[in-house]
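Input: a single structure, listed below in structure tokens.
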Amino acid sequence: MDERSPLEVEIRRRITAAGPMPVGEYMALCLGDATHGYYMTRDPLGARGDFITAPEISQMFGELIGLWMAAVWKQMDAPENIRIIELGPGRGTMMKDALRAVVQVAPAFRDALAVHLIEISPVLRAQQERTLNDLTKQVLWHAALDDVPKGPAIIVANEFFDALPVNQAVKIERGWHERQIEIDSVGNLAFTVARDPLPHFEMLLPPAAREAPEQSIFEWRADTVAMDMGRRIADEGGAALVIDYGHAKSAIGETLQAVGQHAYTDPLTAPGGIDLTAHVDFQALARAVEAMGANGFAPVEQSQFLHRLGIETRAAALKAKASSRAAAADIDSALARLIGHGRTGMGMLFKVAAFAHPSVGALPGFES
């Protein structure tokens, strides 16, 4: 009896018909295949899912993002109509907490905004509809950023870019060759490299990577979404906030990873049944966004960003109202998870970058 998933059967069919499959194509199918893709068929978040994100850890995270958006709106001279766009909204938790936070402290901002969510997963969209049902007059869903009506906007993206397909190249004796996936001699999916080198690939590498030793791996993503975001900001006005795990400078090294049931696993097992991600190259992201005319603000660690927004003060206020010692301890635990630098902390691994129309000026959290 064949225990392979329907998506693995399809991937094997394509490899048999057309030859080895590039890593980026494999990742795109595993996550976004319309019928069997990982994000199209399930809610992956929380204890019963495969991973947890910052908004699910504590309400503090979304609340501070809401206040950040309100402050940016004021720096934009408080336009009467502002589009709040979230890329990959998960369950809608961050937007729910953000909107709740601004109701009391910035009612004019709350009245001016319309929420636009960029989501391709029918499962997650249904969850977002349930989460946000009572909190906003107008929430619209779109498949892509370009579908959002023109006008000034504030864009937020938490753990979105890490899930975009990543391409890989391997340096061997004759140059850099694209990394691919084949069916090996015993019938398993396995990594291989293309027969011919990528032409002029060295010219695309950052200077620090050009003298890399053999067997080095370099990863890159298409710039399409980053450029769309930069063009939107530069042409229509506004700002963007990107929060994700990754590295501040382009570098050599493989970061592709698979997670299932909160544990790391082989990315070539169970296609469509596990989450695939790769670290965000913030330098490459910034280069693409800024090429469209937006100003960039260098990435800072999540711990530093949340500290500057006042997360410790917010945690103290929540603890003062906690109903029990256990509830207060939960707040301490969540704070440590969000800003901690240890093995389970997100504070150092996660970076925060921002971009804005030149007229907006320096953004909150990125003060020198």
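From Arg110, Arg100, Arg130, grab the single residue that is farther than 17 Å from Glu159 by Cα, of a type in the set (D, E, K, R) and buried (at least 17 other Cβ atoms within 10 Å of the Cβ).
Working: Arg100 fails: buried (at least 17 other Cβ atoms within 10 Å of the Cβ); Arg130 fails: buried (at least 17 other Cβ atoms within 10 Å of the Cβ).
The match here is Arg110.
Tally the residues that are of a type outside the set (Asp, Glu) and surrounded by fewer than 13 Cβ atoms within 10 Å (Cβ to Cβ), restricting the search to the stretch 75-87.
Residues of the stretch 75-87 of a type outside the set (Asp, Glu): 75-76, 78-79, 81-85, 87.
This time we only want the ones that are surrounded by fewer than 13 Cβ atoms within 10 Å (Cβ to Cβ), so: 81.
Of the residues in the stretch 75-87, 1 are of a type outside the set (Asp, Glu) and surrounded by fewer than 13 Cβ atoms within 10 Å (Cβ to Cβ).
Would you pick out the residues in the stretch 255-269 that are of a type in the set (Gly, Ala, Ser) and either surrounded by fewer than 18 Cβ atoms within 10 Å (Cβ to Cβ) or within 17 Å of the chain's Cα centre (by Cα) (or both)?
Step one: of the stretch 255-269, the residues of a type in the set (Gly, Ala, Ser) are 258, 260, 263.
Hits for the stretch 255-269 are Ala258, Ala263.
For the stretch 319-368, enumerate the residues that are of a type in the set (Asp, Glu) and not assigned by TED's automatic domain parsing to the domain that holds Gly66. Can you show your working first?
Filtering the stretch 319-368 for residues of a type in the set (Asp, Glu) gives 330, 332, 367.
Passing the criteria: only Glu367.
Let's see how each residue does on (1) surrounded by 17 or more Cβ atoms within 10 Å (Cβ to Cβ); (2) at pLDDT below 95; (3) more than 21 Å from Leu285 (Cβ to Cβ):
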position	(1), (2), (3)
Lys171	yes, no, yes
Arg174	no, yes, yes
Ile181	yes, no, yes
Asp184	no, no, yes
Ala208	no, yes, no
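I need a count of the residues in the stretch 151-190 that are without any contact (Cβ under 8 Å) to a residue 24 or more places away in the chain and assigned to a strand (DSSP E or B). I'd like the intermediate steps shown before the answer.
Keep residues of the stretch 151-190 that are without any contact (Cβ under 8 Å) to a residue 24 or more places away in the chain, which gives 174, 177, 184-187.
Adding the requirement that they be assigned to a strand (DSSP E or B) leaves 177.
Number of matching residues: 1.
Can you work out which of the residues in the stretch 66-114 that are in a helix (DSSP H, G or I) and of a type in the set (Lys, Arg) is nearest to the chain's Cα centre (by Cα)?
Quick first cut of the stretch 66-114, residues in a helix (DSSP H, G or I) only: 66-75, 93-105, 107-112.
After this cut, where a residue has to be of a type in the set (Lys, Arg) as well, the list is 74, 96, 100, 110.
Working: Lys74: 26, Lys96: 18, Arg100: 23, Arg110: 25 Å.
Of everything passing the filter in the stretch 66-114, Lys96 is nearest to the chain's Cα centre (by Cα).
For the stretch 2-29, which positions are outside any helix (DSSP H, G or I) and on the phi < 0 side of the Ramachandran plot?
Asp2, Glu3, Arg4, Ser5, Pro20, Met21, Pro22
Tell me the strands (runs of 3 or more DSSP E) entirely within the stretch 242-294 that contain at least 1 residues that are free of Cβ contacts under 8 Å to residues at least 12 places away in the same chain. Reasoning before the result, please.
Details: elements: 257-260, 263-265, 275-277.
Correct list: 263-265.
Could you tell me whether Gly37 is crowded, with 19+ Cβ neighbours inside 10 Å, modelled with pLDDT under 95 and not β-branched (Val, Ile, Thr)? Reasoning before the result, please.
Working: crowded, with 19+ Cβ neighbours inside 10 Å: yes; modelled with pLDDT under 95: yes; not β-branched (Val, Ile, Thr): yes.
It is true that Gly37 is crowded, with 19+ Cβ neighbours inside 10 Å, modelled with pLDDT under 95 and not β-branched (Val, Ile, Thr).
Looking for something free of Cβ contacts under 8 Å to residues at least 60 places away in the same chain and polar (S, T, N, Q) - is there at least one such residue anywhere in the stretch 69-81? Give the derivation first.
At the first step, the residues of the stretch 69-81 found to be free of Cβ contacts under 8 Å to residues at least 60 places away in the same chain are 70, 74, 77-78, 80.
Add one more test, that the residue is polar (S, T, N, Q), and what stays is none.
Checked against the condition, which is being free of Cβ contacts under 8 Å to residues at least 60 places away in the same chain and polar (S, T, N, Q), the stretch 69-81 yields no hits at all.
Please enumerate the residues belonging to the stretch 274-288 that are among the β-branched types (Val, Ile, Thr) and within 15 Å of the chain's Cα centre (by Cα).
So the first thing to find is which residues in the stretch 274-288 are among the β-branched types (Val, Ile, Thr), and the list is 274, 277, 280.
Across the stretch 274-288, the qualifying residues are Thr277, Val280.
The values are calculated or read from the model by the stated rules, or taken from the named source; none is laboratory data. Since the structure is predicted, the reported quantities are computational estimates derived from the model, not experimental observations. Heads up, the Cβs are rebuilt from the backbone with ideal geometry, glycines too, and the neighbour counts pull from every protein chain shown.
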